[in-house]
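Student: One structure coming up, written as structure tokens, with questions to follow.
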Amino acid sequence: MEGTGWEYQFVFVDDGSTDLTYKLLKELALIDPRATIVKLRRNFGQTAALAAGFAHCNGDYIIAMDGDLQHDPADIPKFLEKLEEGYDLVSGWRKHRIDNFWLRRIPSRCANWLMATLSGVNIHDFGTTFKAYRGEMLHELPLYGEMHRFIPALASAYGASICEIPIHNQNRKNGESHYGISRTFRVLFDLITIRFLLRYMSRPLHFFGRLGLINMMRVQR
């Protein structure tokens with residue numbers, strides 16, 4: 001960041017860690033005034049952690065990254081260049097993934113194809129957190145459940161311009177992924193939710209009105 005010449009802040013979100021993470025972050029904040037620490041009382045999940053971090057960001061541009069060191073900070077200038085070109089959202093694309101082919105990459109491709117088809121947003125990688133946003137656009141979006149992966153779809157519904165750039169996908173140096181098969185079902189339900197929101201967000205009576213008419217017809221019978 002120092003090489004870019006931009007003013008910046010760091011927002012670290014401790015999503016209910018049980019190790020020394022929070023202690024180390026507090027020590028970092030004491031020596032670097034650009035660091036803001038947000039501690040959640042328990043592990044609320046990635047979407048809640050992102051929403052908490054976004055709420056404490058003051059910049060015109062916001063870049064989200066995971067804390068497992070799989071995202072390369074050297075890619076940040078490329079995100080900033082695209083935002084400067086006028087895009088509202090710049091999504092990272094793990095074009096050359098290094099995950100397990102059958103357990104991670106194939107299911108991910110299927111899920112990304114389905115999300116692109118249902119949302120109408122033509123990007124390859126909805127799942128990565130490594131994305132850049134205009135602050136004023138981001139603060140308008142509702143986030144809950146596993147909705148962080150659907151931010152491009154929600155942003156598109158709000159009229160945002162979106163592009164995608166390839167990013168480096170580095171090996172996880174420590175820890176293990178907490179994503180399992182149970183997460184797949186949560187994502188599926190949220191996918192149904194986002195489809196509903198995109199179709200009926202501006203005209204909810206078109207959905208509930210149909211249900212009301214069907215019930216009226218049943219009562220008359």
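The values are calculated or read from the model by the stated rules, or taken from the named source; none is laboratory data. All figures in this text were calculated on a predicted structure; none of them were measured in a lab. Every residue, glycine as well, gets a Cβ built from its backbone with ideal geometry; the counts of neighbours run over all protein chains shown. SASA here: full protein model, heavy atoms, side chains in, ligands and nucleic acids out. Shrake-Rupley method; radii C 1.70, N 1.55, O 1.52, S 1.80 Å.
Student: Among the candidates 144, 133, single out the residue that is closer than 22 Å to residue 14 by Cα, assigned to a loop (DSSP other than H, G, I, E, B) and within 14 Å of the chain's Cα centre (by Cα).
Tutor: Numbers: 133 fails: assigned to a loop (DSSP other than H, G, I, E, B).
The unique qualifying residue is 144.
Student: Follow-up question, since we're still on this one. Is it the case, given these coordinates, that residue 30 is modelled with pLDDT of 95 or more and surrounded by 14 or more Cβ atoms within 10 Å (Cβ to Cβ)?
Tutor: no
Student: Considering each of 25, 50, 83 in turn, give the residue that is in contact with a helix residue (DSSP H, G or I) (Cβ under 7 Å, 6 or more places away or on another chain) and either closer than 23 Å to residue 153 by Cβ or outside any strand (DSSP E or B) (or both).
Tutor: 50
Student: How many residues are open to solvent by 40 Å² or more (accessible area, probe 1.4 Å), small (Gly, Ala, Ser) and under 18 Å from the mean Cα position of the chain (by Cα) if we restrict to region 66-97?
Tutor: So the count comes out to 1.
Student: Let me ask something else. Would you check if there is a residue in region 72-92 being acidic (Asp, Glu), in contact with a Lys or Arg (Cβ under 8 Å, 6 or more places away or on another chain) and more than 18 Å from residue 167 (Cβ to Cβ)? It would help to see each step written out before you state the result.
Tutor: Going through region 72-92, the residues acidic (Asp, Glu) turn out to be 72, 75, 81, 84-85, 88.
Pick out the ones that are also in contact with a Lys or Arg (Cβ under 8 Å, 6 or more places away or on another chain) and you get 88.
When the remaining residues are screened for being more than 18 Å from residue 167 (Cβ to Cβ), the result is 88.
Yes, some residue in region 72-92 is acidic (Asp, Glu), in contact with a Lys or Arg (Cβ under 8 Å, 6 or more places away or on another chain) and more than 18 Å from residue 167 (Cβ to Cβ).
Student: Further question: Going through region 120-153 one residue at a time, which ones are in contact with a strand residue (DSSP E or B) (Cβ under 6 Å, 6 or more places away or on another chain) and open to solvent by 50 Å² or more (accessible area, probe 1.4 Å)?
Tutor: If the condition is that a residue be in contact with a strand residue (DSSP E or B) (Cβ under 6 Å, 6 or more places away or on another chain) and open to solvent by 50 Å² or more (accessible area, probe 1.4 Å), then 124 is the only one that fits.
Student: Please verify whether residue 156 is open to solvent by less than 60 Å² (accessible area, probe 1.4 Å), modelled with pLDDT of 80 or more and in a strand (DSSP E or B), treating the condition exactly as stated.
Tutor: No; evaluated as a whole, the condition is false for this residue.
Student: For residue 86, which of the numbered conditions (1) touching a His at 6+ places or on another chain (Cβ under 7 Å); (2) modelled with pLDDT of 95 or more fails to hold?
Tutor: Condition not satisfied by residue 86: (1).
Student: Is there any pair linking a residue in region 46-66 that is among the charged types (D, E, K, R) to one that is open to solvent by less than 50 Å² (accessible area, probe 1.4 Å), with Cβ under 6 Å and at least six apart or on different chains, and which?
Tutor: 60/135; 66/129
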